[in-house]
Amino acid sequence: MWLLQSVRIADIKAHDGEDVTIRGWLYNKRSSGSIHFLIVRDGTGFLQTVAVRGEVPDDQFELCNNLAQESSIVVTGRIRADRRAVGGFEMSASSIELVQMSEDYPITLKEHGVDFLLDHRHLWIRNPRQHAALLVRHEIIAAAEDWLRNNGFIKVDAPILTPAACEGTTTLFETDYFGEKAYLSQSGQLYNEAACMAFGKVYCYGPTFRAEKSKTRRHLIEFWMIEPEMAYATQEDNLVVQEEFVSYIVQRCLANRREELITLERDLSKLECIVPPFPRISYDEAVELLNAEGREFEWGEDFGAPDEAVISMRYDKPVFVTSYPTKIKAFYMQPDPDRPEVVKCADMLAPEGYGEVIGGSERIHDFDLLKARMREHDLPEEAYGWYLDLRRYGSVPHSGFGLGIERTVAWITGSEHVREMIPFPRLLNRIYP
RNA sequence: UCCUCGAUAGCUCAGCGGUAGAGCAACCGGCUGUUAACCGGUGGGUCGCAGGUUCGAAUCCUGCUCGGGGAGCCA
């Protein structure tokens, strides 16, 4: 019964004046002859404990001389407010019990290189900044699921092993499925479309895999996506849902993870203004804008990262870029009936240059049109028979989108790189630890 | 795949033709209010790998390997 009896450092303020026991690890130590300052972490926070010679048993005081970083210890003592302690509270220790002595913990409090830290990711996640970012990630996922649940979406998960590509045929991880080829999922969307015809509003949350040789601060080989899909929803409905959804997530992080955002030195004013409605700009307007900025961009090309940055930097909220050319978008996107050369879609670009966090569209609901588009894209009809069925039995206009979790975490935490936004990143040529 | 930068002590780096350095970490000692504590001492390196130039290479040249940043690719 340790877990239930222990006090969590996160709740320490409620125990001012009480004797409590903390079960944790030694984050750092400062010693001064007859006094030791032990900074203990327990997974929920950090607490300075003070061990004074004479106030703890002598053998335990001597133990502190040799106590190494990340040794596991159980500390008991009285909690009291003290301005000299980071966090405003500290513990006067009465007993220090060693669980296991750590030896030569590799990650020191000084600077380290990226390669070294990634090789020690299993330990790096104990670091305060990494810890804070992953707590924000947790909040983002919880907030997203709460919003969807509260708005009538049913969680219907999609398979990871799939018989055919959801999108283009490049960049898939191939595996063997009892003698047949199978691929790791790139999106749960096609299955979501089936599910939304059964449940109305659905979502899936899971990992997706891209075998792209991308080496940028915005790309992971394995990343997580949350994908809502709605029957009888137009692209206009889709955009309203997206701005409500994303605003809720941001405001929840501000409310519940303010301390972590402060640890990460995030400028909170940049998040406080994230409320609906979000600005919208059409692809056509974006092209004009880029040319006005001197980037020589031709209609029909896809935006590169620098182009997205130019567009998003003009706004202090996420911006929707709508109506992309049909040619550069996925086969299932609904062409605009008045202008078939563009589709009813939108990418949501996060502010401050964080790039695309959402891609969404209205899907084609007409059987013949979908079949024609699949032929244009050379997709094997036999693998997509079930998908075409959805246009055969009660097809209706429907829309959906996918939110990339790690890019969203990077934006909300104000972080440089998505690799630190997931506990164990899979990167180009890196699958350890 | 392309451009670009890099690889020296456990870590972060300096040294850039004349036989290897610092800070931190480790270990020993000192200190009753530290905040990446501080002060003194000790140990620790085939200078990524393979060739070449040179009297002499961590240092210059070539190739390779690995990594960073960027581009491309990328709902």
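The values are calculated or read from the model by the stated rules, or taken from the named source; none is laboratory data. Bear in mind that the values here come from a model prediction, so they are computed numbers and not experimental data. Neighbour counts run over all protein chains shown; Cβ positions are idealised from the backbone, glycine included. Surface areas here come from the heavy atoms of the whole protein model, side chains and all, with no ligands, DNA or RNA. Shrake-Rupley method; radii C 1.70, N 1.55, O 1.52, S 1.80 Å.
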Leaving out ligands and nucleic acids, and using a 1.4 Å probe, what accessible area per residue does region A:149-266 come to in Å²? 49 Å²
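Could you sort out which of A:LYS155/A:LYS344; A:LYS213/A:LYS327; A:LYS155/A:LYS327; A:LYS181/A:LYS329; A:LYS213/A:LYS270 sit more than 30 Å apart by Cα distance in this structure? Intermediate values should be presented prior to the final figure.
Working: A:LYS155/A:LYS344 25 Å; A:LYS213/A:LYS327 23 Å; A:LYS155/A:LYS327 32 Å; A:LYS181/A:LYS329 26 Å; A:LYS213/A:LYS270 32 Å.
Those over the limit are A:LYS155/A:LYS327; A:LYS213/A:LYS270.
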Take the Cα coordinates of region A:169-280, assign each an equal point scatterer, and use the Debye formula without solvent to give log10 I(q)/I(0) at q = 0.23 Å⁻¹. -1.21
With every protein chain left in place and a probe of 1.4 Å, what is the accessible surface of A:GLU62, to the nearest 10 Å²? 90 Å²
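Once you order the gyration tensor axes a ≥ b ≥ c over the Cα atoms, which shape class does region A:206-330 get: rounded for a/c under 1.5, otherwise prolate or oblate by comparing a/b with b/c?
In terms of gyration-tensor shape, rounded.
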Exposure rank, largest accessible area first [A:LYS270, A:LYS13; 1.4 Å]: A:LYS13, A:LYS270
From zero up to wherever the largest Cα-Cα distance of region A:1-116 sits, split into 10 Å bins and tell me the percent of pairs in each. 14, 48, 31, 7, 1
So what are the radius of gyration and Dmax for the Cα set of chain A, in Å? 26.0, 85
Contour minus Cα-Cα span, A:ILE35 to A:ASP146, at 0.36 nm per residue, comes to 35.2 nm
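Using a 1.4 angstrom probe on the protein heavy atoms only, line up A:LYS215, A:LYS317 by accessible area, largest first.
Values: A:LYS215 170, A:LYS317 40 Å².
Highest to lowest solvent-accessible surface, that is A:LYS215, A:LYS317.
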Taking protein heavy atoms only, a 1.4 Å probe, and rounding to whole percent, the accessible area of chain A owed to carbon and sulfur comes out at 51 percent
Chain A: longest stretch without exposed chymotrypsin sites (Phe, Trp or Tyr not before Pro) (DSSP loop, at most 16 other Cβ within 10 Å), sites themselves excluded? A:1-172
Can you list the residues, at least 5 places off or on another chain, whose amide H is less than 5 Å from the amide H of A:SER94, using H built in the peptide plane? A:THR76, A:GLY77, A:ARG78
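Residues of region A:343-433: accessible area per residue at 1.4 Å, in Å²? Kindly include the intermediate steps, with their values, before the conclusion.
Details: 3520 Å² over 91 residues.
Accessible surface, normalised per residue, equals 39 Å².
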Which whole-number percent gives the relative contact order of chain A, counting Cα pairs below 8 Å spaced six or more residues apart? 14 percent
Expected-Rg normalisation [2.2 N^0.38 Å, Cα atoms] applied to region A:105-149: 1.52
What is the dipole size for region A:1-109, taken about its Cα centre, with +1 at each Lys and Arg Cβ and -1 at each Asp and Glu Cβ, in debye to the nearest 20? 420 debye
What percent of all Cα-Cα pairs in region A:355-400 falls in each 5 Å bin, counting up from 0? 5, 20, 26, 23, 15, 8, 4, 0
Taking a 1.4 Å probe, which of A:ARG426, A:ARG23 shows the most accessible area, and what order do the others take after it? A:ARG23, A:ARG426
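Just the projected area, averaged over all directions, of the convex hull on the alpha carbon atoms of region A:96-220: how many nm²?
Working: hull surface 53.2 nm².
Spelled out: convex hull of the Cα atoms, projected over all directions, averaged, 13.3 nm².
To the nearest 20 debye, what is the magnitude of the charge dipole of region A:239-335 about its Cα centre, counting +1 on the Cβ of each Lys and Arg and -1 on the Cβ of each Asp and Glu?
On the way: 11 positive and 18 negative charges, 86 e Å.
For region A:239-335, the charge dipole is close to 420 debye.
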Would you be so kind as to identify which of A:ALA286, A:TRP386, A:ILE140 lies farthest towards the positive end of the dipole of chain A, taking Lys and Arg as +1 and Asp and Glu as -1 on Cβ and the Cα centre as origin? A:ILE140
Sticking to Cα atoms, compute the Rg of region A:282-433 to one decimal and its Dmax as the biggest Cα-Cα distance, whole number, in Å. 18.0, 52
Springs between alpha-carbon atoms under 10 Å, Gaussian network over chain A: tell me which of A:VAL99, A:VAL241, A:VAL250 tops the mean-square fluctuations. A:VAL99
Between region A:363-433 and region A:109-158, what is the C-alpha centre distance in whole Å? 21 Å
Using Stokes-Einstein with the Kirkwood hydrodynamic radius over Cα pairs, what translational diffusion coefficient do you get for region A:355-433 at 20 °C and a viscosity of 1.002 mPa s, in µm²/s rounded to a whole number? 135 µm²/s
Compute, for A:MET421, the solvent-accessible surface of its heavy atoms (probe 1.4 Å) with the complete set of protein chains present, and express it in square angstrom to the nearest 10. 0 Å²
